[in-house]
Every structure is written in C-alpha cells, then in structure tokens.
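Note sheet for the following structure.
Quick note: the coordinates plus some simple rules give every number you see, no bench work behind them. Quantities reported herein were computed from a predicted structural model and do not represent experimental measurements. Note: ideal-geometry Cβ built from the backbone for every residue, glycine included; neighbour counts use all protein chains shown.
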Amino acid sequence: MLGQLSRHAEVLASATDHTVVPPIPCLGYTREPMAINSRNLESIVRDFTTRLVAAIEAQTSQRIRNIVSSVLGGPPRWIGASKTEARLPSPSRKLSDKAVAARKLQGKYIGALRRLRPAARARVKIAAREQGVAAAVKLALSMK
C-alpha cells in the first residue's frame, strides 16, 4: 500500500497542466482517472485545506474543553445546562450558637477518645451514653 501511495505522490509531483492521475485502489478510490488542470487542482487543495482546518479546530476545542473540565472537576455547568442546572450552589447557612457549641464539644470528645486505650475508651463511651458528652469529655481528660 505504501508503494502505491508513493507512486501516486510521484505522479502528482511531476504533474503538468493536463496530467492524468491514476486512481488509488488501496484507499478505496475507484473513480476513473481524473485530468488535473490548474483550476481543478486549486479547488481540490482549497477543499482539502478547509476540511483540514475544520478538523484541527474541532480537535483543539475538544482538547480545551477536556482540560477545563478536568481542572474544574467535571463538565462546566454552563455548557448544555438548563437555568436550574446552571445555578451555582447556594452558600451554606449560618449555624446557630447551639449547633456551633455542640460541634465544638463533639470535636473535644473525639480528640479525647483518640488518646485513650481501648478499655478506657469503652468506659468513656458508656459515660457519654449515660451522663452526656460533656461529662464524658471531663472523664476522658482526667484519664490521661
């Protein structure tokens, strides 16, 4: 196949104004031999370059989309999304003072449990169930 293509390229390279170019059977090109003149050759080259440019632009834009989506962690929201899908997530609601205090106490409880051995940890967990998390934190801190 490569030999046929190189022979075809040689014929094209040595083409004059009215050279007859044979078909390339290995590429599935079975049309009759085509007479090449300068106008015909120009239109073929122009058509080829426009198709090539369009293919390269499509590949480049797809690569850019892939890079952007990988950097942003998924496909961009504005591409093909409806108005409801394109909406940005709402900011998280402010926690109440009671919730903030509960989370702080939970953090202290978990931190105190991590430092304990398994037997002491079990005692602190029982205290948390029976007496509450605040009492369990005090117990765990006293067991150091």
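Restricting to region 36-75, name every residue that is assigned to a helix (DSSP H, G or I), surrounded by 10 or more Cβ atoms within 10 Å (Cβ to Cβ) and β-branched (V, I, T).
Residues satisfying the conditions are I44, V45, T49, T50, V53, I56, T60, I64, I67, V68.
Do you know which residues across region 112-127 are among the basic types (K, R) and in a helix (DSSP H, G or I)? Reasoning before the result, please.
Let us first name the residues in region 112-127 that are among the basic types (K, R), namely 114-115, 117, 121, 123, 125.
Passing the criteria: R114, R121, R123, K125.
Among the residues of region 120-135, count how many are more than 47 Å from the chain's Cα centre (by Cα) and within 12 Å of K108 (Cα to Cα).
Residues that pass the stated criteria total 1.
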